[in-house]
């Protein structure tokens, strides 16, 4: 009986060890929120401003705040902001009159009247 255990135990340890190694999954690519979450913590105190070009030809300026959980959308560099917030990284931003969703370098904005604008971050093509 003891001799049988000495042969089986190393085999069991090897199988368990290999199973543990195969469980590892590569980390998911960072979300747009995670990429820009440090933008609001710039030493100068300025926000990270990113320029987008929308499907209607209009520019859009996006300021990331609160570790990427808040964005301010502006139609012009000095225009009034439309503030949207997300409850967690990777989720949809919601504001009083619009929602916004990131997918890669693309930002989709759905306004309260149902109008949808798709904006592409400039400099990413």
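The values are calculated or read from the model by the stated rules, or taken from the named source; none is laboratory data. For clarity, every value in this text was computed on a predicted model and none was experimentally measured. Here the Cβ is made from the backbone with ideal geometry for all residues, glycine too, and neighbour counts use every protein chain on show.
Pick from the stretch 83-102 the residues that are surrounded by fewer than 17 Cβ atoms within 10 Å (Cβ to Cβ) and in contact (Cβ under 8 Å) with a residue 40 or more places away in the chain: which of them is nearest to residue 56 (Cα to Cα)?
Among them, the one singled out is 90.
If I filter the stretch 39-63 down to residues being surrounded by 17 or more Cβ atoms within 10 Å (Cβ to Cβ) and at pLDDT 90 or above, which single residue comes out as nearest to residue 105 (Cα to Cα)? Don't jump to the end; show me each part of the working.
First, pick out the residues of the stretch 39-63 that are surrounded by 17 or more Cβ atoms within 10 Å (Cβ to Cβ): 39-40, 47-48, 50, 52, 60-63.
Checking which are at pLDDT 90 or above leaves us with 50, 52, 60-63.
On the way: 50: 11, 52: 9, 60: 13, 61: 14, 62: 12, 63: 15 Å.
Among residues in the stretch 39-63 that are surrounded by 17 or more Cβ atoms within 10 Å (Cβ to Cβ) and at pLDDT 90 or above, the one nearest to residue 105 (Cα to Cα) is 52.
Name the one entry in 77, 67 that is more than 16 Å from residue 117 (Cα to Cα) and touching a helix residue (DSSP H, G or I) at 6+ places or on another chain (Cβ under 8 Å).
Details: 77 fails: touching a helix residue (DSSP H, G or I) at 6+ places or on another chain (Cβ under 8 Å).
None of the others qualify; the one that does is 67.
Give me the pairs, please: first residue somewhere in the stretch 62-82 and at positive phi, second residue anywhere and buried (at least 19 other Cβ atoms within 10 Å of the Cβ) and modelled with pLDDT of 95 or more, beta-carbon distance under 7 Å, and either six or more positions apart or on two chains.
Going by the 7 Å Cβ cut-off, there are no qualifying pairs.
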